[in-house]
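For reference, the structure is listed below as structure tokens.
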Amino acid sequence: MKREEFMTAIAPMLEGAGFRRSRSTWHKQYPDAVAVFNVQASRWEPEYNLNMAIYVRALGEERTPSEYDCHLRRQLGIADRTAEEVFRETIAWLGRNSTFSGMRATIREELDITATPELKKYLSIS
């Protein structure tokens with residue numbers, strides 16, 4: 001699916017879930033965070049990237065941050081996925097990480113997967 005077709009397909013789903021659109025980026029306000037979904041153009045058209053991110057309100061005052069200015073970020077693969085599948089994964093990840101406890105759990109899981117035993121011991125997460 002081409003980038004513009006994808007954005008046309010996912011826009012009503014995101015807007016129905018409370019996101020507001022500005023060009024190729026959608027934002028949703030939460031008490032602790034701003035959820036961001038972005039469809040990033042690629043110089044290798046028709047390819048594009050899907051970015052999800054969380055901006056932590058306690059760390060700044062942005063109301064509509066760019067994805068790259070967010071504190072917690074994730075990129076989704078688009079290969080052979082429908083807009084509905086992407087929407088479900090996006091809503092689940094952004095919803096989970098819109099609270100401090102959700103953010104902590106995600107960071108702990110990512111560190112558990114990627115950190116060396118030495119780093120885990122240093123951070124006291126093992």
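The values are calculated or read from the model by the stated rules, or taken from the named source; none is laboratory data. Predicted model, so just to flag it, every value in this text is computed and none were measured. We place every Cβ from the backbone using ideal geometry, glycine too, and count neighbours over all the protein chains shown. Side chains included, ligands, DNA and RNA excluded: accessible areas come from the protein's heavy atoms. Shrake-Rupley method; radii C 1.70, N 1.55, O 1.52, S 1.80 Å.
Observations on the model:
- Residue, least open to solvent (accessible area, probe 1.4 Å), within segment 39-72, restricted to residues that are over 18 Å from Thr99 (Cβ atoms) and among the β-branched types (Val, Ile, Thr): Val39
- Verdict on Gln75 being open to solvent by 80 Å² or more (accessible area, probe 1.4 Å), closer than 23 Å to Met7 by Cα, free of Cβ contacts under 8 Å to residues at least 40 places away in the same chain and within 15 Å of the chain's Cα centre (by Cα): yes
- In segment 99-119, the qualifying residues are those that are more than 14 Å from Ala53 (Cα to Cα) and of a type in the set (S, T, N, Q), and the one that is nearest to the chain's Cα centre (by Cα) is Ser101.
- Residue match in segment 50-67 (condition: in contact with a Gly (Cβ under 9 Å, 6 or more places away or on another chain), at negative phi and at pLDDT below 95): yes
- Test: residue in segment 102-116 that is touching a Phe, Trp or Tyr at 6+ places or on another chain (Cβ under 6 Å) and assigned to a helix (DSSP H, G or I): no
- Segment 98-119 residues that are under 27 Å from Phe19 (Cα atoms), paired with ones that are modelled with pLDDT of 90 or more and assigned to a helix (DSSP H, G or I) (beta carbon under 9 Å, 6 or more apart): Phe100/Ala58; Gly102/Gly95; Gly102/Arg96; Met103/Arg96; Ala105/Arg96; Thr106/Trp93; Thr106/Arg96
- Extreme residue, farthest from the chain's Cα centre (by Cα), among residues of segment 1-38 that are open to solvent by 80 Å² or more (accessible area, probe 1.4 Å) and within 14 Å of Pro65 (Cα to Cα): Arg23
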